[in-house]
2 protein chains.
Amino acid sequence: MILHSKPDKSDWKAILKRPVMEAASLEPTVLNILNEVSRNGDAAVRRFSLMFDKTSIDQFEVSEDEINMAGSSIPEALKKAIHLAASNIGSFHKKQSLPKEVIETMPGVHCWRRSVPIEKVGLYIPGGSAPLFSTILMLGIPATIAGCKEIILCSPPTTQGNLHPAILYTARLAGVNRIFRIGGVQAIAAMAYGTLQVPQVYKIFGPGNQYVTCAKQLVQKSGTAIDMPAGPSELAVYADEKANPVFVAADLLSQAEHGPDSQVLLVCVSPDTAHKIKREIDQQVELLERKRVAKAALSNSKIILVKDEEQAMELLNEYAPEHLILACENATSLAEQVINAGSVFLGHFSPESAGDYASGTNHVLPTNGYAKSYSGISVDSFMKTITFQRLSREGLMNIGHSVELMAAAEGMQAHARAVQVRLD
Amino acid sequence: MILHSKPDKSDWKAILKRPVMEAASLEPTVLNILNEVSRNGDAAVRRFSLMFDKTSIDQFEVSEDEINMAGSSIPEALKKAIHLAASNIGSFHKKQSLPKEVIETMPGVHCWRRSVPIEKVGLYIPGGSAPLFSTILMLGIPATIAGCKEIILCSPPTTQGNLHPAILYTARLAGVNRIFRIGGVQAIAAMAYGTLQVPQVYKIFGPGNQYVTCAKQLVQKSGTAIDMPAGPSELAVYADEKANPVFVAADLLSQAEHGPDSQVLLVCVSPDTAHKIKREIDQQVELLERKRVAKAALSNSKIILVKDEEQAMELLNEYAPEHLILACENATSLAEQVINAGSVFLGHFSPESAGDYASGTNHVLPTNGYAKSYSGISVDSFMKTITFQRLSREGLMNIGHSVELMAAAEGMQAHARAVQVRLD
C-alpha cells in the first residue's frame, strides 16, 4: 500500500484517481457481437457460446426439472444461510415504495404519481471460478417485490453446458421466471434485442467484465435501460484510534481479494493507527487462499493520513467510495456527514461482508466515483413512475390563462389553442 | 395522417415503430468537440461558440446585474403566469421524498437509507426561435427542492452574446445558482469536464438537438450521469365516442407544432369518431402559425382503429407514449390500466398543455418508448440514496454464520474472515 501523509488538498484529485478503464478499444469487438445477435438471433448466440464458452447449446433455457433438482445438490446448511439472507433482503427492500398521494395543486387540478413495475427485466450473473449466487438475491428479490412480470436471468455455462446448482436454486428462490445458459456480450444482446428463445427485456441489471459493461453501455444508447455503469469493487475505511487493527485489516483484505483491480483506501488521522493496521494486513494477507489477487490489489491501494476527522470526511466524500466503513467511536453521528458513498458500515461490528451477503442491504452499488450521482439497487430500480392529472373545467380555468401566456411567449400557439377551445 | 384500420396484432410493432435517430454518424464530430473542450477548456468553448453560435464571448457567466435586470423587460402578466406555474410545480414536487426509516432486519442488525441531493447538477436549455423557460422551471424547481448545492445552467447565446431575459428571470426564480451563455456540445463538455470558468457537475439534465443528445450519451459513458435519453416529443390520444373532436384535434395539433419529427397517434374504436377528429385537424391546422411544422409532423402520424377499449390499452402500453390523453368517459378507471407512459391526462378538460406549463407535473418525460423503463423527472432525479447499517456484536452473531457459509461457497475466504475475526 502506498502511504500519502497529509497530502495537499490540490493533490487529492490525483491521489484519488481510479485507474482508467479503456472501454473504447473494446467497442468494435462488442458492437460486432451485438449486431450479429440482433441480425441472426439464436444462431449467432450459439456461435458465440461455442467460441467463448466452449460449449455447444441448442436449448438455452434451463428446464423446470433441472431447476427443481438443483436444491438436492446444495448442502442444507448453505440453503439455510441463503434463506436467512433472502429473508433479511426481503425485509429491508419491502419497505421502499412511495405511497400514492393525490395533490390538488389548485382547486380542480388533481395530480398524482403511480409507481409501476418495469414489465420485463433481465439479470446478468457472471461466471468464473465460483457461482455468484448472492447477486441473484440482490437483483431478483427487489425485482420480485417491485412486481416485474418477466424476470429472466442469463449466466455463462460451463464447458458441459450447465449452470451451477446454487445459481439455479437461488434464482428460483428469488423469483426469477426463466433462466438461460448464455454468457458475455451475447447474453446482453439476446436480452436487449430478443431472439426466438430469449425474450426481449426493457432493463438489464448485473455485474460483468469489461466486455459485458461495454455491451450494456452500447445497448443503453439504443434504448435498453441499464442499472448503472459497473467498475471494479472498492472499499474505503476511516479508522480512528479506537479502531481494532485486526478487524480493519480483515475488512480491507476482504475487498482486496475481489480482484487485482479492486480499490482499497485507508484514511486515518493517527500515523500509529495506520501503522498498526498496515502491519496486520501484511500478516493476514499471507493466510489467504487468494493472496496473489489480494497482494496485486494492495499494490495499487492507498493509506492517506489527514490532519483531522473533518478533513477525512471531506476526502472520503470527494472519493465517493462504493463501500465505506466508519471504524470509529462516533460512527453514527459521523454518518450524517457522508454525502457521497454507496453503502456505509458503522462501528466495529459492521464488516462490509455483512452487507455483501446477509444484513439485508443491497450489494449492487455505484463504483468508480459514480456514488456522486447514482444510488445502489433498490426496489425503485425495477420500477418507474407515471404522472397523472385530471382537471375539471374549473381547474382548467384556474391555470388556463397562465398556460396561454407562457405558451405564447414560447411561440407555441397550438398549445395555447388547446386551452382556448375548451374555455370558449 | 395515416389510417390503420384494425391492424393485426403481429403488425403492431411495425406500425408503432418510431423513426430511427441515426446518432452513430454524429459521434466523430461530437467526440471531437468533447475532447477539445476536455483538453483546452475555455479556449475551446470560445472557439466553438464562435463557430456555431456566431458570437465571441470572453466571460461565459451571466453577471448578477444582468440577471437582476432581466425581470424589468418581462411583461407583468407573463411574470404572474410564471409564478403561478412555479408555485404549482413546487406544490407537486415538494411531496415526493421518502421518509427515513430504520429497519431492524434481525435483532441487532439496523439498516436504513438516506436520500441525499446530488451536490452539483447542470441544466441545459436549448436555444432557438423562442426561449424555453418552462423547462427551466421543470428542472430548477425539483433541483432546488432536492437541495442540490450547485445548480448551473447553460444555454446558447444570441449572436449578440446574450440570453433571453425570460431565461434569466425564470432561472433565478427556480433557484439556479449560476448561468452560462454556452450552447450545444461545448456546453455539455464544459459541464461534464469543468473548465476554469465553468464548474464540473455530476449529472446533466435537459433537452437538446441530436448533437446535444449524442454528447450527453458520450459523457455518460465516461462517468457523468444524465437525466435520460431524449427524442422527439410524442402524444397519443385515446378517444371514445363521447370525446369532443374539437378538443382532441387541438391537442394533437399542440403536439404536432413541436417539430416536423414530433409523433402523434390517435387511437379509436369508433371509425366515426376518428373521422370527425381527422376533419377537425384538417380545419384547425390551417389556423396555426406553425402550420408547416404541424403538417410535416402529421404526415408521419397515425390513426389506429382497434376493436375495443381493451385492445386500445394494450396497443398504447406497447407504444409507451411520452404523453397520453384518455379522452373518454371512464378515464379515471382506465388510467389504472396504463403501465407504460410518461404522463397521462384524464378526461375532457386535461389538455397536454396544462401539464406542459402549469398544472404542477413535470414535462421532462421519457420519449421514444423509454417510458417502458424510465420515469419522468422528479425530485428523485436530483437525489441518490445511500444505505447505512450498524450491527451490534449480537447482530453480527445472528447473521455471521450465514455470511461465512455463503462467502465460502462463493470462494471468498477473506469475506468470511472479516466476520470470524470479530466473533472469535
Quick query: amide H of A:Ile226 versus all other amide H atoms, modeled in the peptide plane; which residues come in under 5 Å with a sequence gap of 5 or more or a different chain? A:Ile204
Could you grab the Rg to Rh ratio for the range B:88-206? Cα atoms only, Kirkwood for Rh. 1.12
Taking amide H positions as placed in the peptide plane 1.01 Å from N, state which residues far from B:Met412 in sequence (5 or more) or on other chains have amide H under 5 Å from it. none
Interface area, B with A, accessible, probe 1.4 Å, both sides summed, Å² nearest 100: 11100
To the nearest 20 debye, the range A:1-55 has a Cα-centred charge dipole, built from +1 on Lys and Arg Cβ and -1 on Asp and Glu Cβ, of 180
I need the Kirkwood Rh of chain B: take the reciprocal of the average 1/r across all distinct C-alpha pairs and report it in angstrom. 24.0
Provide, in order from the shortest bin, the percent of all Cα-Cα pairs of the protein assembly as shown in each 20 Å bin, continuing until the bin that contains the maximum pair distance. 15, 46, 32, 6, 0
Within the range B:173-281, list the GluC sites (Glu not before Pro) lying in a DSSP loop whose Cβ has at most 15 other Cβ atoms in a 10 Å radius. B:Glu241
Cα centroids of the range A:44-117 and the range A:330-377: how far apart, whole angstrom? 22
Bridge orientation stat for chain B from DSSP, antiparallel percent rounded to 5, came to 25
Among A:Leu253, A:Leu137, A:Leu50: highest mean-square fluctuation, GNM of chain A, C-alpha pairs under 10 Å: A:Leu50
Quick one: ranking A:Asp251, B:Asp227, B:Asp58 by accessible area, 1.4 Å probe, largest first, what do you get? B:Asp58, B:Asp227, A:Asp251
Step through the residues of the range A:391-397 one at a time and calculate ³J(HN,Hα) from phi using the Karplus curve (6.51 cos²θ - 1.76 cosθ + 1.60, θ = phi - 60°), rounding each to whole Hz and writing x for Gly and Pro. 10, 8, 4, 4, x, 5, 5
Farthest towards the positive end of the dipole of the range B:23-226, among B:Ser129, B:Met51, B:Pro117 and with Cβ unit charges of +1 on Lys and Arg and -1 on Asp and Glu, lies the Cα of B:Pro117
Rounded to whole Å², per residue accessible area for chain B with a 1.4 Å probe reads 37
Shielding by partners for A:72-80, please: the mean number of other protein chain Cβ atoms within 10 Å of each residue's Cβ. 2
Work out from phi, with θ = phi - 60° and the Karplus expression 6.51 cos²θ - 1.76 cosθ + 1.60, the ³J(HN,Hα) of each residue of the range A:319-333, listed in order in whole Hz, and give x for Gly and Pro. 6, 6, x, 4, 10, 9, 9, 9, 8, 8, 5, 9, 4, 5, 6
So if the hydrodynamic radius of the range B:281-370 is defined as the Kirkwood radius over C-alpha pairs, what does Stokes-Einstein give as its diffusion coefficient at 37 °C and 0.692 mPa s, in µm² per second? 224
Under a 10 Å cutoff between Cα atoms, tell me which one of B:Thr224, B:Thr158, B:Thr387 has the largest fluctuation in the Gaussian network model of chain B. B:Thr387
Exceeding 31 Å between C-alpha atoms, which entries from my cross-link table qualify? They are A:Lys54/A:Lys216; A:Lys291/B:Lys100; A:Lys17/A:Lys242. A:Lys291/B:Lys100
Just need the relative contact order of the range B:7-164 here, percent rounded to a whole number, with Cα pairs under 8 Å and 6+ apart. 21
Per DSSP helix of 4 or more residues, -39500 (n - 2.57); summed, then divided by the residues of chain B. What does that give at 222 nm, rounded to the nearest 500? -13500 deg cm²/dmol
Shortest first and in nm with one decimal, please list how far the B:Thr158 label point sits from its counterparts in the other copies (point 7 Å along Cα→Cβ). 7.3
Simple Cβ-charge dipole of the range B:23-226, Lys/Arg +1 and Asp/Glu -1, about Cα centre, in debye nearest 20: 420
At a probe size of 1.4 Å, how large is the accessible area of A:Asp308, to the nearest 10 Å²? 50
Working out 0.36 nm times the residue gap between A:Ala130 and A:Ala77, then minus their Cα-Cα distance, what length gain in nm do you get to one decimal? 17.3 nm
Magnitude of the Cβ-charge dipole (Lys and Arg +1, Asp and Glu -1) of chain B about the Cα centre, nearest 20 debye, reported as 860
Report the antiparallel proportion of the DSSP beta bridges in the protein assembly as shown as a percent, rounded to a multiple of 5. 25
What whole number of Å gives the distance from the Cα centroid of the range A:215-248 to the Cα centroid of the range A:162-199? 24
Only loop residues by DSSP count here, and only those with at most 10 other Cβ atoms within 10 Å; note down the trypsin sites (Lys or Arg not before Pro) in the range B:243-315 that meet that. B:Lys307
With the dipole of the range A:1-82 worked out from charges on the C-beta (+1 for Lys and Arg, -1 for Asp and Glu) around the Cα centre, which of A:Ala77, A:His4, A:Ile67 lies farthest toward the positive end? A:His4
Solvent-free Debye scattering, log10 I(q)/I(0), computed from the Cα coordinates of the range A:104-172 at q = 0.27 Å⁻¹: -1.18
Taking θ = phi - 60°, what integer Hz values does the Karplus form 6.51 cos²θ - 1.76 cosθ + 1.60 yield along the range B:62-77, in sequence order, with x for Gly and Pro? 6, 6, 3, 4, 4, 5, 5, 6, 3, x, 5, 9, 10, x, 4, 4
Could you list which residues have their amide H under 5 Å from that of B:His4, counting only those 5 or more apart in sequence or on another chain, with H placed in the peptide plane? B:Ile303, B:Ile304, B:Leu305
Can you pull the Rg over Rh of the range A:23-226, Cα-only, Kirkwood? 1.04
Using only C-alpha atoms and all pairs of different ones, pull out the Kirkwood radius for the range A:191-296 in Å with one decimal. 16.3
Antiparallel DSSP bridges in the range A:23-226: what percent, to the nearest 5? 25
Rounded to a whole number, the mean other protein chain Cβ count within 10 angstrom for residues of B:360-371 is 3
Share of the protein assembly as shown's accessible area from carbon and sulfur, percent, 1.4 Å? 52
Please state the shape class of the range A:1-134: rounded when a/c is under 1.5, otherwise prolate if a/b exceeds b/c and oblate if not, all from the C-alpha gyration tensor. rounded
Pick out, from B:Val212, B:Ile145, B:Leu26, the residue whose Cα sits farthest towards the positive end of the charge dipole of the range B:23-226, with +1 on the Cβ of Lys and Arg and -1 on the Cβ of Asp and Glu. B:Ile145
Pick from B:Ser129, B:Ser49, B:Ser299: which is most flexible by mean-square fluctuation in a GNM of chain B where alpha carbon atoms under 10 Å apart are linked? B:Ser129
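The values are calculated or read from the model by the stated rules, or taken from the named source; none is laboratory data. Everything numeric here is computed off the predicted structure, so don't read it as measured data. So basically every Cβ, Gly included, is an ideal-geometry build from the backbone, and we count neighbours across all protein chains shown. Only protein heavy atoms, including side chains, enter the accessible area calculation; ligands, DNA and RNA are left aside. Shrake-Rupley method; radii C 1.70, N 1.55, O 1.52, S 1.80 Å.
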